[in-house]
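Novice: There's a structure below that I have some questions on.
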Amino acid sequence: MRNANTPKLTIVGAGPGDVELITIKAIKALGDADVVLYDALVNEDLLQYAAAGTEIVFVGKRFGCHAYTQDQINELIVVMAQKYGHVVRLKGGDPFVFGRGSEEIEFAQQHGLQTAIVPGISSALGVPASNGISLTQRGISESFWVITGTTSAHKLSTDVSLAAQSSATVVILMGMNKLDEIVSIYQNNRTDDLPVAIIQNGTKDTQKKVIGTVSSISKLVAEHKLASPAIIVIGEVVNHTSELAVFTKAAYTEDEFIFQNLNVIE
């Protein structure tokens, strides 16, 4: 193989889903790889950038369904690098935003591998932006939180309660299974009419989005059958979606309308 004498790991962020949102540096890394280990949230169309003959292995994890455990992935990185050379670990979004990239880098370094990191566009940033939602906006939101909806103990992060007491925009990843709990926290800390957006498969052709309020969002999600992978955006900025966003208003009340398959740039 090309790099058989140099065991190396490159952690690569694949972006939120749209293949055109990957970086040039990431494409170069894929082209240089001897092995690509890719996750469930990665758009498989990106694998076309790997060279012919590259070993490609799916190691994805989804809620309740793991092809490999994290420990097994760590071991596989080392074994593949020692056997073939350059391993690219292709991870959805940015590998250092709830992507466990730092754990894989540390394990590889402990076993003598060279390491490199290629950042990616996190879904926490790219998905709202592509839908015309500005996480910060003068006079409306001075900051934002990005919080995991499900901790390693399979519980909702306690940071959600802290964030709900602020005026900041809150982006929750991996939180769909905790939506009712999130709604309850916000009902206890904020107003029922606080805007909420939920975006499934953000930036992909299969994207679906609903916008409602704390009081209406659970019903909208059930009606339109939204599920993981999705992000939750809570805050007044949701009511100020950019006019560049093309949307269809359905037959709901003024604060309950659905965006489906939205493409900001046609």
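Novice: What whole-number value in cubic angstrom gives the convex hull volume per residue for the C-alpha atoms of segment 8-121?
Specialist: Given the Cα convex hull of segment 8-121, per-residue volume reads 86 Å³.
Novice: Once all Cα-Cα distances of the chain are split into 10 Å bins that start at 0, what whole-number percent is in each one?
Specialist: Taking every Cα pair in the chain, the percentages come to 7, 29, 31, 20, 10, 2, 0.
Novice: At a 1.4 Å probe radius, carbon and sulfur cover how many percent of the accessible area of the chain?
Specialist: The computed percentage sits at 50.
Novice: Separate question: Counting every Cα pair in segment 124-239, what percent are over 21 Å apart?
Specialist: 29 percent
Novice: Per residue, how much accessible area does the chain show when a 1.4 Å probe rolls over the protein heavy atoms, in square angstrom?
Specialist: I get 49 Å² per residue for the chain.
Novice: Which residues' amide hydrogens lie under 5 Å from the amide hydrogen of residue 42, considering only partners 5 or more residues apart or on another chain, with H built in the peptide plane?
Specialist: 92
Novice: When the chain is treated as a GNM, springs tying every alpha-carbon pair under 10 Å, which of 188, 43, 74 comes out with the largest mean-square fluctuation?
Specialist: Evaluated over the chain, the most mobile residue of the options is 188.
Novice: Could you tell me which of 36, 157, 121 has its Cα farthest along the dipole of the chain towards the positive end, charges placed at Cβ (Lys, Arg +1; Asp, Glu -1), taken about the Cα centre?
Specialist: Final value for the positive-end residue is 36.
Novice: Per-residue counts of other Cβ atoms within 10 Å, averaged by peptide: what ranking do you get for 34-41, 222-229, 152-159, highest first?
Specialist: Highest mean packing first, the order is 34-41, 222-229, 152-159.
Novice: Can you work out the FRET efficiency for the pair residue 161 and residue 116, with r the C-beta to C-beta distance and R0 = 35 Å, to the nearest 0.05?
Specialist: 0.40
Novice: Place a point 7 Å from the Cα of residue 184 along the Cα-to-Cβ direction; which residues of segment 209-239 have their backbone N under 15 Å from it?
Specialist: Hits in segment 209-239 for residue 184 at 15 Å: 218.
Novice: Along the Cα→Cβ direction, 7 angstrom out, place labels at residue 57 and residue 177. What is the inter-label distance in nm?
Specialist: So the label points at residue 57 and residue 177 sit 2.5 nm apart.
The values are calculated or read from the model by the stated rules, or taken from the named source; none is laboratory data. Everything quoted here is computed from the prediction, not taken from an experiment. Heads up, the Cβs are rebuilt from the backbone with ideal geometry, glycines too, and the neighbour counts pull from every protein chain shown. Protein only, heavy atoms only, side chains kept; ligands, DNA and RNA dropped before computing areas. Shrake-Rupley method; radii C 1.70, N 1.55, O 1.52, S 1.80 Å.
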